[in-house]
Every structure is written in structure tokens, then in C-alpha cells.
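Notes to accompany the following structure.
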Amino acid sequence: MLLCQTLRLFCITTAVQRKNVGASGPEKYTEAFIKKQIEEFNLGKRHLANMMGEDPETFTQEDIDRAIAYLFPSGLFNKKARPLMKPPSEVFPEQRKIQWGEDGRPFHFLFYTGKQSYYSLMHETYEKFLNVQKHQDQLIAEDLPLQKEKRNLAGSRWLTKIELEEMLLEKVSDDDYTRFIQLLQKLVALPCADIEEKYIQKFSKEVPVQLQKVVIEPLQYDERGVAFSTGEGKRKTARATAVIYDNGTGKITVNGIDILHYFPVLQDREQLLFPFQFLGRIGKHDMVCTVSGGGRSAQAGAIRLASAKALRSFVTEKEVEFMRQAGLLTVDPRVKERKKPGQEGPRRKFTWKKR
Amino acid sequence: MAVTTSPSEAAAPPEESRKMLRSLKGLVCRSLRLDRGCALHTAARDGLSSVSSQDVPAERPRAVFHTSESDPAKHTEQHEARLYNIPLEEVKAVFPHGLPHRFQQQIQTFNEARVMVRKPALELLAYLRGSNFAHPAVRYVIYGERGTGKTMTLCHVLHYCSRQGWLVLHIPDAHLWVKNCKELLQSSYKKDRLDQPLQASAWLKNFKTSNERFLQEIKTQKKYMWGKQESTEEGRPLGEVVEQGLARVRSATDAVGVVLREIKQQSHRGSFRLLVAVDGVNALWGRTTLRKEDKSPVSPEELTLVHNLRKMLRNDWSGGAIVTTLSQTGSLFKPSSAYTPQELLGKEGFDALDPFVPISVPNYSPREFESCYGYYLERKWLQHEKAHTEDGKAELRFLSGSNPRQLDRLAGPL
């Protein structure tokens with residue numbers, strides 16, 4: 001009995017992709033329904049912990065995910081299509097409860113505007129704005145210095161329209177959103193806005209840390225005392241590793257073969273030449289690389305990326321920045337496009353015959 | 001060394017699309033690093049000024065790469081990595097056939113024939129000078145990777161020998177005899193052999209040009225019958241045999257055979273030295289692409305020319321030397337990575353040529369590369385303004401891998 005119930009819970013997948021905010025569609029969940037789902041989820045969690053032989057008290061969401069992946073292995077590519085077991089709050093989108101009581105009278109005073117949450121939010125924000133102005137006037141009246149601590153706007157951003165919609169549980173139009181953001185900016189621009197710091201923080205988000213901070217490895221030294229560094233690169237299906245030695249003569253070996261023999265085509269050798277030529281170090285380094293996979297051009301591109309990455313250790317930070325801007329350090333994302341059914345290739349359609 | 005006013009500038013079309021892209025990138029980098037401004041224009045102006053100022057110190061750089069010693073007999077290690085001039089009349093006389101095609105084009109463009117003196121050639125010359133001609137002929141095999149200068153080494157040695165007054169038997173490319181033959185006649189001399197009249201007559205013509213005086217001196221020792229009516233008596237100069245071969249194309253192959261036989265028999269007498277120079281000797285022991293009329297493949301022994309040449313290459317005669325080159329470029333049914341004597345000659349050829357002195361020809365050494373690059377610069381063959389810089393030189397060295405052929409092909413469009 002319990003097992004069927006748990007099974008029923010396991011089969012639920014997120015059919016709703018986008019958060020259906022304020023949709024008065026067919027899927028209206030009552031509170032009782034949500035409560036029952038929560039109970040079933042907790043029960044199922046304990047059963048699952050029992051099944052896996054773990055302690056039901058300390059069974060976290062990650063353990064649940066791992067257990068489900070173990071019990072129901074799936075080869076589907078789309079991660080969202082695989083079986084999952086998540087707390088009902090994540091599975092069922094948040095919806096607005098009924099806004100009016102039994103007598104039909106709405107709870108909120110702005111209900112008949114249509115966008116009650118939005119207008120109430122604007123109302124609140126303007127209230128804070130007036131608050132700050134009053135405080136400012138008070139300080140001026142008392143001749144006290146105004147606090148001038150500038151908020152660091154560079155590391156934060158306002159909520160996006162979608163995030164605002166999620167917060168308010170109702171649709172927000174573009175104009176409304178812009179007006180709200182403008183009001184927030186006006187509020188922040190005031191000198192004494194620090195009073196309402198907590199309120200403002202509800203609507204701002206930290207910008208994620210720059211992903212450009214890649215660690216450059218220091219040079220290593222081999223037995224002879226020659227400095228060397230390694231780098232890896234890839235292009236299409238080719239994978240390459242390069243080891244660059246200092247105090248060299250410009251000799252390059254690929255998979256144990258000289259580049260003249262491995263890359264008879266001039267174009268591939270030019271690709272290998274590019275990082276060295278860019279830094280002006282053509283005859284100064286020796287390179288030993290291994291490469292596999294891909295075709296001739298892909299292997300050349302992979303070695304180029306690997307050698308550029310390895311050269312970072314030999315070179316100043318400014319030059320690394322130049323290399324990055326020249327595109328020497330970026331992985332080329334182009335791969336072979338998939339063939340679609342009903343077409344001969346990724347783009348080519350079958351020959352069109354009139355009859 | 002006359003300063004020639006050759007149309008070399010017009011002959012080299014400056015096709016620089018790829019190089020320009022790279023040069024633009026390099027320029028962008030430099031403008032970021034050094035200063036702002038129209039870097040492109042300054043680079044162009046600098047290029048022009050460098051070209052015009054090159055005429056002034058033209059004498060000094062010329063002395064470094066060139067040597068005025070045009071007699072190969074006097075070439076020593078001092079002259080290594082330098083280019084020496086062969087007067088054009090000598091070129092026509094000594095090398096009617098045999099120079100690589102690209103080198104011939106270069107001679108036409110620059111209006112002079114400059115050959116670089118390199119170590120393998122010097123080695124060979126030293127051996128030749130010190131060899132005892134009473135002993136059987138020593139065989140030298142020049143081998144090396146593709147495009148490293150084996151044929152040019154052979155030509156250098158040829159020049160030396162012809163200057164010294166040797167009789168030079170030069171087969172420019174043995175591969176020509178085993179492939180793309182239009183006519184195959186059945187030999188009248190031996191039933192199971194095949195003649196190649198066209199190749200034989202072409203070779204006889206060139207042989208005549210290069211060894212005029214010997215043809216009058218050497219006399220036949222036997223009577224030869226060409227068909228039913230014509231014959232050459234004993235004691236006639238060899239020139240007559242050659243004439244016969246040229247006149248009657250059908251018997252050209254037999255004429256070649258006769259010439260080879262006579263020369264071999266008379267070389268030990270000492271009246272002349274004989275040099276047998278074969279380029280692409282691995283053709284003689286490989287397979288052919290020729291087929292008989294019944295579509296069965298022809299093996300090299302069935303070709304008269306090849307058969308006679310093989311007899312020549314045996315070291316059962318004295319009074320000369322045999323210098324041969326291996327060549328992968330024209331070879332049939334051999335992988336392109338093969339370059340050692342073992343691989344290219346096969347077991348049969350190796351056994352036939354064994355014992356021999358192998359001489360390996362490597363890519364350009366740094367000095368040789370400098371001198372070749374300097375020569376191209378001086379002849380204004382490299383028109384691109386970036387090619388004049390040190391960076392351009394390093395780029396050329398990297399991209400060509402110091403391989404002479406690659407460098408030549410790279411420098412062409414620049």
C-alpha cells in the first residue's frame with residue numbers, strides 16, 4: 001500500500017517548465033492537496049532511506065537524488081526528463097491562494113486594480129522614499145552632516161522582470177517593471193538611503209564573481225634545470241597536450257614526429273606558429289605535444305590552444321590579456337551539428353521534387 | 001659577379017593575403033604594446049625605405065653568402081653554406097637534362113645559376129679526390145628526406161667531374177624509364193625484353209650534348225648490326241653509334257646499350273675517368289606501372305634500358321665512380337615517409353648495390369638557412385615588407401622547417 005503511494009510520488013515529473021505565475025489554468029492546487037503532497041514526500045523520503053540502508057533522520061536532498069539515480073537509471077539526455085523526487089514546493093509552482101473570503105469580499109484593498117501586488121509594492125517603496133526624505137530634512141534642520149557612504153552598485157544588479165514576477169506571483173508588464181526600477185534607483189540616489197538598506201537589498205542581487213580569474217600555473221623545472229610548462233587544448237573532437245621547454249631552438253615534435261612530417265599542409269603549421277609569433281618568441285621554445293582524435297585541422301587548432309595555455313606561464317599578465325583578446329585562449333565552441341530527421345544533413349533538405 | 005638587371009621584381013607577384021592577415025594581427029599587437037597611430041602606414045614606409053637603402057650596403061652582405069670560386073675542385077669547408085655561380089654556357093653544356101625543374105625556373109628568373117656548397121657535396125668531393133681508380137668503382141648513395149637537396153648535391157658533383165674532364169654518364173631520373181612510357185617495342189636483340197625508343201632517344205640526345213669530345217675519342221671494339229642492313233664497324237668513333245640511335249629511333253635502345261657497354265669496357269684503360277650518375281636509382285629495382293599488351297605487368301628486368309643500366313651499376317669495372325641518389329618523389333608504390341636506402345631500394349636493390357657508401361643529406365643548418373634567405377633577399381625575390389624583418393625570417397624558418405624545398409615554395413608567393 002505504502003509502496004504504491006511512494007511509487008506514485010516517484011513518477012511525478014516537472015511537466016510545467018516555466019513557472020506558471022498567476023495562471024488560472026486547469027491546474028489549481030488546493031492547500032489541502034499541497035499539504036498531502038508534503039506528507040507523502042516526507043514519508044517517501046523515510047522509505048527511501050530505509051531502502052538504501054541509511055538513517056532516515058539525516059537523509060538530505062542530495063542523498064535522495066543519488067538514490068533515485070541508482071534505482072532508476074535513465075539514459076535520457078534531457079536532465080529534466082529523468083525521474084526525480086523533489087519537495088513539493090519545488091515541483092508545484094507557487095500559486096496564489098484565493099484572494100477573497102467566503103462572503104466574496106477581497107482581502108487586499110487594491111484587489112480591484114487588477115495588479116494588487118504590484119501597486120502595493122510601489123506604494124510601499126514610495127513610502128520608504130518619503131521616509132528617507134523626511135529623515136534627510138530632519139538632518140538638514142539639525143545641521144548634522146549627511147551620511148555619504150556610496151553603495152557599491154558595481155557588484156550588484158536589480159532583480160530581473162521574471163524574478164520580480166516570481167516574487168509578486170502575478171504578471172508584471174515591461175513599463176511597470178521599468179517604473180519600479182526607476183523608483184528604486186531614485187531611492188538609492190538619495191544620500192540617506194542607508195536607513196532603508198534592508199528593504200533595498202530585497203530587490204538587488206550580487207553579480208557573480210568574474211570567471212576571468214583563471215589561475216596561471218607557475219613554471220616547473222625538470223632534471224636538467226630547464227623551465228617547462230604544460231597546457232591542454234581541444235577543438236572539435238581533438239584533444240591535445242603540449243609541453244613547452246625554455247631555452248629552445250624552435251623545434252616542435254608532435255606524437256614523436258617532426259611537424260614538417262605530421263602537418264604537411266602549410267595552413268596547419270601556420271596555426272601552430274600563431275601563438276609564438278604573437279608573443280614574438282618563435283625560435284625560443286621547444287615543444288613536445290601529443291594529440292589524438294579529430295582531423296588534421298582540428299588537431300592543429302587543439303595544439304594551438306594547448307601551446308597558448310602553456311605559454312601563459314612564461315609571459316607577463318598584460319600579454320596574457322592580449323592573448324585572450326586575440327582569441328588564443330578561448331576554446332572554439334563549434335562542433336559538428338546534428339543531423340535532423342527529415343533532412344539529409346544538419347541544414348540540407350532532401351531534393352524537392354515537384355511531383 | 002656582374003650585377004644583373006633581371007626582371008625579378010616583375011616575376012614575383014606579391015600575393016600576400018594570408019601573410020597580410022597575420023601581419024595585421026601582429027601590427028595590432030604591436031600598436032597595443034608600443035603606441036597608437038597609423039601603424040600600417042609607418043610599416044609600409046619603413047619597408048620602402050629599407051628596400052631603397054638595401055642597395056647601398058649591397059656589397060657587404062653579398063660577400064657573406066656568395067663565393068666567387070666557381071670551380072668545384074677548389075671548394076673546401078671554408079666555402080660551406082655559400083653559393084657559387086655556374087656560368088650559363090656551362091649550365092647548358094654540362095646539364096642539358098638533370099637539374100630539378102624548379103631550379104631551372106629559378107635560373108631563368110634570376111638569370112644566373114647559383115648552387116649552394118653544402119657538407120654532403122664536400123664530403124663526396126673529398127672521397128672522389130682521394131679514391132684510387134685502379135680499384136673497382138665505389139658506389140655512393142645519396143639519401144635523405146624529401147626536398148633536402150639530393151639532386152642538387154648530385155649536380156654539384158657532376159659539375160666538378162665535368163670540370164675535371166671526366167666522362168659523365170648522367171641519367172636524370174630513372175623513374176622516367178619505368179613509368180608513363182607510351183611506346184614499348186619488343187626488343188630485336190633479346191626476345192623477352194622490351195624497348196623504349198622515346199626515352200632512349202631523348203637520353204641519347206642529351207648525352208651527346210654533354211660529352212661531345214669523348215664521342216670522337218672513344219672507338220668501338222666490335223662490329224654491331226642494326227637490323228639487316230646497317231652496321232657499325234669496329235674502330236669507328238662512338239659518335240656514330242649515337243647518330244645511328246638518333247636517326248633510327250627503333251634501335252635507339254640498343255644504341256644506348258652499346259654505348260654503355262663500350263664505355264664500361266674501356267674505362268679501366270685509364271684514358272678517361274667515368275662517372276655514372278643516376279638520380280632516383282630506386283626505380284631500377286622497384287615495380288613499374290607499365291603493362292604489356294596482354295595487360296600483364298612489366299617487371300624492371302624486362303626493360304632493356306633498365307637491364308643495361310643495372311649492369312653498369314655493378315662494381316665490376318674500375319677507373320671511375322658511381323654516384324646515385326634515392327628519390328621518393330617519383331617513386332612508385334612506396335610510402336611517402338620512406339627515405340632510407342633499406343626502404344626505398346627494397347631487398348633486391350640493396351643487395352645489388354651493396355656495398356656502398358651512404359651519404360645523408362639533411363635539412364638546412366642555421367648557417368645555410370641564413371645564406372639562402374640572404375640570397376633571396378638580395379635578389380629581391382622576397383617582396384613582402386615583413387619578410388625583410390627578423391621576425392619574418394624566424395617565421396620562414398619555422399614554417400619551412402629549414403627544408404630547402406619548403407622554403408623555396410614558401411618564398412615563391414612572397
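The values are calculated or read from the model by the stated rules, or taken from the named source; none is laboratory data. In this text, all values refer to a predicted model and were calculated from it rather than measured experimentally. A quick note on method: Cβ atoms are made from the backbone with ideal geometry, for glycine too, and the neighbour counts reach across all protein chains shown.
With the condition kept exactly as written, say whether any residue in the range B:393-408 is among the aliphatic types (A, V, I, L, M) and in contact with a Phe, Trp or Tyr (Cβ under 6 Å, 6 or more places away or on another chain). No: zero hits.
Check the range A:308-320 and report whether any residue there is at pLDDT 90 or above, polar (S, T, N, Q) and not in a helix (DSSP H, G or I). No, there is no match, as no residue in the range A:308-320 is at pLDDT 90 or above, polar (S, T, N, Q) and not in a helix (DSSP H, G or I). Considering A:162, A:200, A:181, the condition of being outside any loop (DSSP other than H, G, I, E, B) and modelled with pLDDT under 90 is satisfied by A:200 alone.
Considering the range B:380-393 alone, what residues qualify as being within 12 Å of another protein chain (Cβ to nearest Cβ) and either among the β-branched types (Val, Ile, Thr) or in contact with a Gly (Cβ under 8 Å, 6 or more places away or on another chain) (or both)?
B:386, B:389, B:391
I'm checking my understanding of the structure. Among residues of the range B:394-411 that are more than 21 Å from the chain's Cα centre (by Cα) and at the interface with another protein chain (Cβ under 9 Å from one of its Cβ atoms), which one is surrounded by the most Cβ atoms within 10 Å (Cβ to Cβ)?
So, considering only residues that are more than 21 Å from the chain's Cα centre (by Cα) and at the interface with another protein chain (Cβ under 9 Å from one of its Cβ atoms), the one surrounded by the most Cβ atoms within 10 Å (Cβ to Cβ) is B:395.
Evaluation of residue B:148 against the conditions (1) in contact with a helix residue (DSSP H, G or I) (Cβ under 9 Å, 6 or more places away or on another chain); (2) touching a residue at least 60 places away in the same chain (Cβ under 8 Å); (3) not in a loop (DSSP other than H, G, I, E, B) shows that the sole unmet condition is (3). If you take the residues in the range A:224-272 that are more than 18 Å from residue A:329 (Cα to Cα) and among the acidic types (Asp, Glu), which one is farthest from the other protein chains (Cβ to nearest Cβ)? The qualifying residue farthest from the other protein chains (Cβ to nearest Cβ) is A:246.
Which one of these is at pLDDT 85 or above and in a strand (DSSP E or B): B:159, B:170?
B:170
Restricting attention to the range A:332-351 and to residues that are under 28 Å from residue A:278 (Cβ atoms) and loosely packed, with under 11 Cβ neighbours inside 10 Å, the residue that is farthest from the other protein chains (Cβ to nearest Cβ) turns out to be A:335. For residue A:277, the conditions (1) within 11 Å of another protein chain (Cβ to nearest Cβ); (2) surrounded by fewer than 20 Cβ atoms within 10 Å (Cβ to Cβ) are fulfilled apart from (2). The condition of being crowded, with 23+ Cβ neighbours inside 10 Å, outside any helix (DSSP H, G or I) and either free of Cβ contacts under 8 Å to residues at least 12 places away in the same chain or of a type in the set (Phe, Trp, Tyr) (or both) holds for residue B:143.
Okay, residues lined up against (1) crowded, with 17+ Cβ neighbours inside 10 Å; (2) over 38 Å from the mean Cα position of the chain (by Cα); (3) more than 16 Å from residue A:282 (Cα to Cα); (4) free of Cβ contacts under 8 Å to residues at least 40 places away in the same chain:
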{"site": "A:216", "(1), (2), (3), (4)": "no, no, yes, no"}
{"site": "A:222", "(1), (2), (3), (4)": "no, yes, yes, yes"}
{"site": "A:229", "(1), (2), (3), (4)": "yes, no, yes, no"}
{"site": "A:235", "(1), (2), (3), (4)": "yes, no, yes, no"}
{"site": "A:238", "(1), (2), (3), (4)": "yes, no, yes, no"}
{"site": "A:244", "(1), (2), (3), (4)": "yes, no, no, no"}
{"site": "A:247", "(1), (2), (3), (4)": "no, yes, no, yes"}
{"site": "A:253", "(1), (2), (3), (4)": "no, yes, no, yes"}
{"site": "A:259", "(1), (2), (3), (4)": "yes, yes, no, yes"}
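For beta carbons closer than 9 Å, sequence separation of 6+ or different chains, a first residue in the range B:319-338 that is closer than 26 Å to residue A:259 by Cβ and a second that is aromatic (Phe, Trp, Tyr), the qualifying pairs are B:325/B:143; B:326/B:143; B:326/B:339; B:328/B:339. Name every residue in the range A:281-309 that is facing another protein chain (nearest Cβ under 10 Å) and out of contact with any Asp or Glu (no Cβ under 7 Å at 6 or more places or on another chain), in order of residue number. Within the range A:281-309, A:281, A:283, A:284 meet the criteria.
Against the test of being of a type in the set (Asp, Glu), modelled with pLDDT of 90 or more and under 21 Å from residue A:196 (Cα atoms), the options A:124, A:142 yield a single qualifying residue, A:124.
For the range A:112-142, the set of residues classified as surrounded by 13 or more Cβ atoms within 10 Å (Cβ to Cβ), under 23 Å from residue A:188 (Cβ atoms) and under 37 Å from the mean Cα position of the chain (by Cα) consists of A:117, A:118, A:119, A:120, A:121, A:122, A:125, A:126, A:128, A:129, A:132, listed by residue number.
Tell me, please, whether a residue that is under 29 Å from the mean Cα position of the chain (by Cα), of a type outside the set (Lys, Arg) and outside any helix (DSSP H, G or I) can be found in the range A:95-111.
The answer is yes, given that some residue of the range A:95-111 is under 29 Å from the mean Cα position of the chain (by Cα), of a type outside the set (Lys, Arg) and outside any helix (DSSP H, G or I).
Considering (1) aliphatic (A, V, I, L, M); (2) in contact (Cβ under 8 Å) with a residue 24 or more places away in the chain; (3) under 23 Å from residue B:182 (Cβ atoms), the lone condition that residue B:247 does not fulfil carries the number (2).
Here the helices (runs of 4 or more DSSP H) wholly within the range B:330-414 that include at least 3 residues being within 30 Å of residue B:311 (Cβ to Cβ) and not charged (D, E, K, R) are B:341-353.
Here is a yes/no grid of residues against (1) touching a strand residue (DSSP E or B) at 6+ places or on another chain (Cβ under 9 Å); (2) on the phi > 0 side of the Ramachandran plot; (3) surrounded by 21 or more Cβ atoms within 10 Å (Cβ to Cβ):
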site	(1), (2), (3)
B:102	no, no, no
B:107	yes, no, no
B:121	yes, no, yes
B:126	no, no, no
B:133	yes, no, no
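Could you please give the count of residues in the range A:310-331 that are among the hydroxyl-bearing types (Ser, Thr, Tyr) and away from chain B (no Cβ under 14 Å)?
Number satisfying all stated conditions: 2.
Here residue B:231 fulfils each of the conditions (1) in contact (Cβ under 8 Å) with a residue 40 or more places away in the chain; (2) farther than 18 Å from residue B:319 by Cα; (3) among the polar types (S, T, N, Q) apart from (1).
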